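The values are calculated or read from the model by the stated rules, or taken from the named source; none is laboratory data. A quick note: this is a predicted structure, and the numbers were derived from the prediction, not measured. Heads up, the Cβs are rebuilt from the backbone with ideal geometry, glycines too, and the neighbour counts pull from every protein chain shown.
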Amino acid sequence: MTDRVSPLLTELRRGTLTLAVLSQLKQPQYGYSLVQALEQSAVSIDQSTLYPLLRRLEKQQLVSSTWDTTESRPRKYYVLTEEGQQVLNELYSEWKQLSGNLQNLLEGGTSQ
């Protein structure tokens, strides 16, 4: 990858990570399990990116968190709120439209 492409790729990926993270929080997940779930779908995210994103989503009331202290190591679990589910649905709808339009443009067509 060239030096020119790398920062642009990072910028492109950054815009999709919120959608990817929200999509995995329909069921409660803790940070490391979320990283693993995303990596299984070939979406990599550093913990240094994930945790600030989760805090921002929680502040926006799109996810909520609870601590599980029943295990030897306490874990903070995150899950979508009802509003978070609505936002995920809207973002997904927009993503489908946008990705379809971009695919058409990149293949030499015009926007719909």
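Note on region 71-112: among residues that are charged (D, E, K, R) and part of a strand (DSSP E or B), the one that is farthest from the chain's Cα centre (by Cα) is Arg75. Anything in region 19-61 that is without any contact (Cβ under 8 Å) to a residue 24 or more places away in the chain, farther than 13 Å from Gln85 by Cα and in a loop (DSSP other than H, G, I, E, B)? List them, or say none. Within region 19-61, Ser41, Ala42, Ser44, Asp46 meet the criteria.
If you go through region 40-61 and keep only what is over 26 Å from Leu9 (Cα atoms) and either at pLDDT below 95 or surrounded by 14 or more Cβ atoms within 10 Å (Cβ to Cβ) (or both), you end up with just Glu58. In the condition set (1) touching a Lys or Arg at 6+ places or on another chain (Cβ under 9 Å); (2) more than 21 Å from Asn89 (Cα to Cα), Thr70 is compliant with all but (1). Evaluate the following for Arg13: is it modelled with pLDDT under 95 and surrounded by fewer than 11 Cβ atoms within 10 Å (Cβ to Cβ)? Against the criterion (modelled with pLDDT under 95 and surrounded by fewer than 11 Cβ atoms within 10 Å (Cβ to Cβ)), Arg13 does not qualify.
Can you tell me which residue within region 62-90, out of those that are surrounded by 13 or more Cβ atoms within 10 Å (Cβ to Cβ) and small (Gly, Ala, Ser), is farthest from Leu34 (Cα to Cα)? Selected residue: Gly84.
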